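Notes to accompany the following structure.
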């Protein structure tokens, strides 16, 4: 099952994000095919990172939560909020559609 994960950085946490980013990216690579896509959200000027958007494969919500809890960003308490929801991929279309 796919899960959509949206996490918003705490205000004033750009330095913490930058310092933790190499560990975060190294950890994300360990997820392999379970990580469908991911990337930072940006401010209105599309310059500064201010959150994260991920879609991951997990058996259930508990597993999705457990996976993200291992993220170095979460271990340094970067985020002010986190939303985890089941997600259904529709587009791009599967060849059978």
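The values are calculated or read from the model by the stated rules, or taken from the named source; none is laboratory data. Note that the structure is a prediction, hence the values are computed from the model and not measured. Note: ideal-geometry Cβ built from the backbone for every residue, glycine included; neighbour counts use all protein chains shown.
Looking only at region 66-97, residues that are over 27 Å from residue 15 (Cβ atoms) and either loosely packed, with under 11 Cβ neighbours inside 10 Å or in contact with a strand residue (DSSP E or B) (Cβ under 7 Å, 6 or more places away or on another chain) (or both) come to 13 in all.
Quick grid of which residues meet (1) touching a helix residue (DSSP H, G or I) at 6+ places or on another chain (Cβ under 9 Å); (2) at pLDDT below 95:
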| residue | (1), (2) |
| --- | --- |
| 23 | yes, no |
| 28 | no, no |
| 32 | no, no |
| 38 | yes, no |
| 72 | yes, no |
| 77 | yes, no |
| 80 | no, no |
| 86 | yes, no |
| 93 | no, yes |
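Inspect all residues belonging to region 47-59 and state whether any of them is in contact with a strand residue (DSSP E or B) (Cβ under 6 Å, 6 or more places away or on another chain), in a loop (DSSP other than H, G, I, E, B) and closer than 17 Å to residue 2 by Cβ. Yes; the residues of region 47-59 include at least one that is in contact with a strand residue (DSSP E or B) (Cβ under 6 Å, 6 or more places away or on another chain), in a loop (DSSP other than H, G, I, E, B) and closer than 17 Å to residue 2 by Cβ. Any chance region 72-86 includes a residue that's part of a loop (DSSP other than H, G, I, E, B), on the phi > 0 side of the Ramachandran plot and free of Cβ contacts under 8 Å to residues at least 24 places away in the same chain? No, every residue in region 72-86 fails to be part of a loop (DSSP other than H, G, I, E, B), on the phi > 0 side of the Ramachandran plot and free of Cβ contacts under 8 Å to residues at least 24 places away in the same chain. Selection of region 43-64 for residues being closer than 21 Å to residue 85 by Cβ, more than 11 Å from the chain's Cα centre (by Cα) and surrounded by 11 or more Cβ atoms within 10 Å (Cβ to Cβ) yields 50, 57, 58, 60, 61, 63. The number of residues in region 48-71 that are in contact (Cβ under 8 Å) with a residue 24 or more places away in the chain and over 22 Å from residue 22 (Cβ atoms) comes to 7. Taken over region 1-30, the criterion of being buried (at least 17 other Cβ atoms within 10 Å of the Cβ) and assigned to a loop (DSSP other than H, G, I, E, B) is satisfied by 13 alone.
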